[in-house]
């Protein structure tokens, strides 16, 4: 007599692809919280600053002296909502940005070249680095009039001011990155009899890239500062944001002056974020390669 088929023994539970790894869940939540706090903290600070600014302007200052510190709403209306003023500020800001970008580009090119030269020979570093330090410590406001005498009062002199202000971080950070290569890696290149050029190209420059980008990040903000300083002194050529701010100061248009200041600082912040993102991207790509 045929027996009834017995049900097959239940297979042991196997992990499915849809199962969640607690460690991965915690790591994902941690990354999400980190990204949120990265943006939330500055926004909270901004809200507090705007609140204090509004309170001082509306409730602390005497109505006859409120022109000294207009409220954020008045600055917004005068500098952003008003189409004539907005166009005036943006045109001047574009002129300043062009000078800053050219100056920053030259600072990166010459800063990296000088750092490479100093890294390849100790006597070159001893000959050049002290003057780079001196260049950084000289008050730029004392040098600007001389640059006007020597190079005129237009685009070229403004770019030179940007380079003088922003080149030092590029030199120091790139040189530090090249000097910080692990000695064991140098030994491996020596084992394979690598030439100086091969060592520089395949070892030192790639290793120095993150720190060099950090120097470029610092130089980006300084180049905008240099461009604005040059605008204050050099009155010929295309007007920049510095000259426009000075004209607002003379006419006591504080609301427009603050709007121009905030927009010019936004350019420096955007350049800083650009190089900071590149630095994080390069660092993230290098980390898996090392592991």
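Since every read-out is calculated from the coordinates, none of them should be taken as a lab result. From a predicted model like this one, the values you see are computed outputs, not experimental measurements. When we count neighbours, we look across all protein chains shown, and the Cβ atoms used for this are built from the backbone with ideal geometry, even at glycine.
Side notes on the structure shown:
- Computed from the alpha carbon atoms alone, the convex hull of the range 29-178 holds 210 Å³ per residue.
- Between 0 and 90°, nearest 10: helix 140-151 axis offset from the chain longest Cα axis: 70
- Listing 52, 167, 278, 160 from fewest to most neighbouring C-beta atoms within 10 Å gives 52, 278, 160, 167.
- Residue 151-residue 179 pseudo-label distance in nm [points 7 Å out on the Cα-to-Cβ vector]: 2.8
- Counting other Cβ atoms within 10 Å as a rough exposure proxy, the listed residues 256, 98 run 98, 256 from fewest neighbours to most.
- Taking the range 79-282 and dividing mean pair separation by its residue count, relative contact order in percent (alpha carbons under 8 Å, at least six apart): 31
- With respect to the chain, whose longest principal axis is taken over its alpha-carbon atoms, helix 155-179 is tilted by about 30°.
- Our estimate of slack between residue 110 and residue 91, defined as 0.36 nm per intervening residue step minus the Cα-Cα distance, is 3.9 nm.
- Compactness index (Cα Rg / 2.2 N^0.38 Å), the range 79-282: 1.21
- Inter-label distance, residue 41 to residue 278: 2.6 nm, where each label sits 7 Å from its Cα along the C-beta direction.
- Of the peptides 86-95, 41-50, 206-215, 140-149, the order by per-residue mean of other Cβ atoms within 10 Å, starting with the highest, comes out as 206-215, 86-95, 140-149, 41-50.
- Principal axis analysis of the Cα atoms in the range 192-253 yields extents of 69, 21, 12 Å, listed in decreasing size.
- Length added when fully stretched, residue 50-residue 141, from 0.36 nm per residue minus Cα-Cα: 29.6 nm
- Degrees separating the helix 241-250 axis from the principal Cα axis of the chain, which is the longest one: 50
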